[in-house]
1. Taking H as built 1.01 Å from N, whose amide H comes closer than 5 Å to the amide H of residue 120, not counting residues under 5 places away?
2. So which aspartates and glutamates can residue 94 reach, going by Cα to Cα under 19 Å and dropping same-chain residues fewer than 8 places off?
3. Using every alpha carbon pair in the range 91-135, what percent of pairs falls into each 5 Å bin from 0 up to the bin containing the largest distance?
4. Under a Cβ-only charge scheme (Lys and Arg +1, Asp and Glu -1), can you give me the dipole magnitude of the range 46-123 about the Cα centre, in debye to the nearest 20?
5. Can you give me the long-range amide H partners of residue 95? Hydrogens built in the peptide plane at 1.01 Å from N, cutoff under 5 Å, separation of 5 or more residues or another chain.
6. Pull up the cross-link candidates among the lysines for residue 45, meaning alpha carbon to alpha carbon under 20 Å and not fewer than 8 places away within one chain.
7. Among the chymotrypsin sites (Phe, Trp or Tyr not before Pro) in the range 80-162, which ones are in a DSSP loop with at most 16 other Cβ atoms within 10 Å of the Cβ? Mind listing them?
8. Using a 1.4 angstrom probe on heavy atoms only, work out the carbon and sulfur share of the accessible area of the range 52-172 in %.
Amino acid sequence: MYFFSIFLVIFCTSGTTHVSTLSSEDELDWWQKSVIYQIYPRSFKDSDSNGIGDLKGIEEKAEYFKDLGVGAIWLSPIFKSPMVDMGFDVSDFKSIDPVFGTMADFESLRDKLHSFGIKLILDFVPNHSSDEHNWFIKSVQRIEPYTDYYVWQDPKAWINETTPVPPSNWVQ
């Protein structure tokens, strides 16, 4: 605590003060002056009583977001996934995972949010692709240019013809 107090005094009295050069809020981009509300769809609102939140559930709350003054909704991944990593292991970046709904549900959500002036941001996570994704499959097959999409390391050894020993000390 003593160190923190000294640091705080030194930091706060270090000399220069930053003064913004912006003269009005008009010069800020929308994302600098908006409330951005992040939603993990799986746990937000379940519209069909299957125990998993979905796009229709989010759409049902669009007016609530407007009333809160939300300027943008940021959705965690909703793309097609085998759900080994709760949706962050995307197998198809062009499809909506059926657990969240359909492309029509997504378009309806987008249109509803836009009707209230709310932007929609999708969490695009290309470095979290699934082993079922086309890029990964082509990389495993050593098809260019996909060989550079992932970092490959040969196994330390092979237990048998189909079981490699990981190239690290990680326990399986």
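1. When sequence neighbours closer than 5 places are left aside, the close amide H contacts are 73.
2. Cα-Cα hits under 19 Å: 54, 85, 105, 107, 111, 123, 131, 132.
3. Histogram of Cα-Cα distances, whole percents per bin: 5, 18, 22, 23, 16, 9, 5, 1.
4. Numbers: 8 positive and 15 negative charges, 58 e Å.
With Lys and Arg at +1 and Asp and Glu at -1, about 280 debye.
5. 80
6. Within the straight-line cut-off, residue 45 pairs with 56, 61, 66, 80, 112, 119.
7. Values: sites: 88, 93, 100, 106, 116, 124, 135, 136, 146, 149, 150, 152, 158; in loops: 88, 100, 116, 124, 149, 150, 152.
Counting only loop positions with at most 16 other Cβ atoms within 10 Å, the chymotrypsin sites (Phe, Trp or Tyr not before Pro) in the range 80-162 are 116, 124, 149, 150, 152.
8. On the way: 4020 of 7530 Å².
The C+S portion of the solvent-accessible surface of the range 52-172 is 53 percent.
The values are calculated or read from the model by the stated rules, or taken from the named source; none is laboratory data. These numbers were taken from a predicted model, which means no experiment stands behind them. Using ideal geometry, Cβ is built from the backbone for each residue, glycine included, and neighbour counts are taken over all protein chains shown. What goes into the accessible areas is simple: the full protein's heavy atoms, side chains included, and nothing from ligands, DNA or RNA. Shrake-Rupley method; radii C 1.70, N 1.55, O 1.52, S 1.80 Å.
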